[in-house]
Amino acid sequence: DDSMEFIEHVKVDLFPDEIYVFTPKGRIMELPSGATPVDFAYAIHTDIGNAAVACRINRNLASLSQPLQSGQTVEVITAPGARPNPAWLSFVVTGKARSSIRHALKTRQRAESLELGRTLLKRSLKGFGAKLSDISDAQKQLVVNHNQVNNFDDLVSDIGLGNRMAYLVARQLVSGTEGMEQTPANLENTGDGKSGAVTIRGTEGLLVKFASCCKPIPGDPIVGVMDSGNGMVIHSDTCSKLPESDEDRARLTHLKWAKDITDEFSVELRVELERQRGVIAEVANAVAMADGNIERIGVEEQNAKFGVVNLVVHVNGRRHLARVMRRVRNIRAVTHIGRVRH
């Protein structure tokens, strides 16, 4: 696959229909037809591409995915700490941009898997009354050899990716060789109480995702499910998709929200109402008055008198959601409003 992809890149780069665009200082850049501002940014320098957040085309703000045309002047706007977006891979056309983005994402995933894996391992060790700093290098090496990985970082990264269970590695680290072949009989002793809960900020990156089924928001009680190779998926602790057996539930990671989350989260709402002229606008206005942002709105007709409005709204937590729902509930035509969880 990699060799075929390389040939495709060579074909695109060597035999393109070229376009010619300018940097703000008047330097001419040659790019293949269909190239975007992201391709332009990587053509200038990998660091510019990795830090790109926006662009100006002929001094007007434009989308990073917009195909460029010959004669345009392109200015890339960067920000310190910015990182490549995986979505860029769906529209870049140059081999350099594609390989640079992939490399940056791989590096970032490694760093995030190490951080998440270390957090989960420390939490499990705490359940055994131990600290990672107390484990000798010799004991770590024994566990590395037993698990047939190259080094301890690879083992920790595997935990963060969801390929290994933190509590099994923790047990091996604290119990020596006799614990290598055993699965803990009592999974409850792995430090999953509130004191061992992992804090979620909402901005964890590539390896912590929010479940689309229950769409948890700050304030909801939450648990983490390790998804092999993909890290952790966060669910509401009442989600119907969570495992039912006691053994499987004991393997869930207990989580808590950080106190200072500023990100927005999407919530689906179902509003039942009497059909009246202007009522949809009234619902949208009520959401806006409560500082909510509507991502999507859809209307179902039930009959001539009643209808249903389905909303996807951005809120920053349960209190904010309650404020939005209260505003909508106060509309005279609204008969019921509820949060939808699939």
*If you check every pair at least six apart or on different chains, which have Cβ atoms under 6 Å apart with a residue in segment 22-38 that is assigned to a loop (DSSP other than H, G, I, E, B) first and a residue that is aliphatic (A, V, I, L, M) second?*
S33/I19; G34/V93; A35/L68; A35/V93
*Looking at I222, I280, I294, which one is at pLDDT 85 or above and not assigned by TED's automatic domain parsing to the domain that holds V312?*
I222
*Assess whether G307 counts as being out of contact with any helix residue (DSSP H, G or I) (no Cβ under 6 Å at 6 or more places or on another chain), of a type in the set (G, A, S) and crowded, with 18+ Cβ neighbours inside 10 Å.*
yes
*Quick one: would you say V92 is outside any helix (DSSP H, G or I) and either in the same structural domain as A43 (by TED's automatic domain parsing) or in contact (Cβ under 8 Å) with a residue 24 or more places away in the chain (or both)?*
yes
*Could you please find all residues in segment 198-212 being of a type outside the set (K, R) and outside any loop (DSSP other than H, G, I, E, B)?*
V198, T199, I200, V208, F210
*asked:* Condition (residue is more than 28 Å from K209 (Cα to Cα), part of a helix (DSSP H, G or I) and under 29 Å from the mean Cα position of the chain (by Cα)) applied to segment 96-103: is it met by at least one residue?
replied: yes
_Which condition from (1) out of contact with any Ser or Thr (no Cβ under 9 Å at 6 or more places or on another chain); (2) in the same structural domain as I44 (by TED's automatic domain parsing) is the one that S133 breaks?_
(2)
*Is it true that L64 is touching a Cys at 6+ places or on another chain (Cβ under 7 Å), outside the structural domain of T199 (by TED's automatic domain parsing) and either small (G, A, S) or modelled with pLDDT of 90 or more (or both)?*
yes
_As an exercise: evaluate M289 against (1) of a type outside the set (S, T, N, Q); (2) within 30 Å of V223 (Cα to Cα); (3) at pLDDT 90 or above and give the number of the one condition it does not meet._
(2)
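Residue by residue, here is whether (1) of a type in the set (A, V, I, L, M, F, W, C); (2) within 27 Å of V198 (Cβ to Cβ) holds:
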residue: I261; (1), (2): yes, yes
residue: E268; (1), (2): no, yes
residue: V279; (1), (2): yes, no
residue: V283; (1), (2): yes, no
residue: D291; (1), (2): no, no
residue: E301; (1), (2): no, no
residue: A304; (1), (2): yes, no
residue: N310; (1), (2): no, no
residue: A333; (1), (2): yes, no
*Kindly provide the set of residues from segment 251-299 that are β-branched (V, I, T), crowded, with 16+ Cβ neighbours inside 10 Å and within 30 Å of I159 (Cβ to Cβ), ordered by number.*
T253, I261
*Looking only at residues in segment 92-144 that are surrounded by 22 or more Cβ atoms within 10 Å (Cβ to Cβ), within 12 Å of V174 (Cβ to Cβ) and of a type in the set (G, A, S), which one is modelled with the highest pLDDT?*
S124
*Hits in segment 310-333 (condition: more than 28 Å from the chain's Cα centre (by Cα) and surrounded by fewer than 19 Cβ atoms within 10 Å (Cβ to Cβ))*: R326, R329, N330, I331, R332, A333
_Quick check on segment 174-181. Is at least one of its residues touching a Lys or Arg at 6+ places or on another chain (Cβ under 6 Å), more than 30 Å from N316 (Cβ to Cβ), modelled with pLDDT under 85 and surrounded by fewer than 20 Cβ atoms within 10 Å (Cβ to Cβ)?_
yes
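The values are calculated or read from the model by the stated rules, or taken from the named source; none is laboratory data. Given the structure is predicted, the values throughout are model-derived calculations rather than measurements. Quick reminder, even Gly has a Cβ in these numbers, built from the backbone with ideal geometry, and neighbours come from all protein chains shown.
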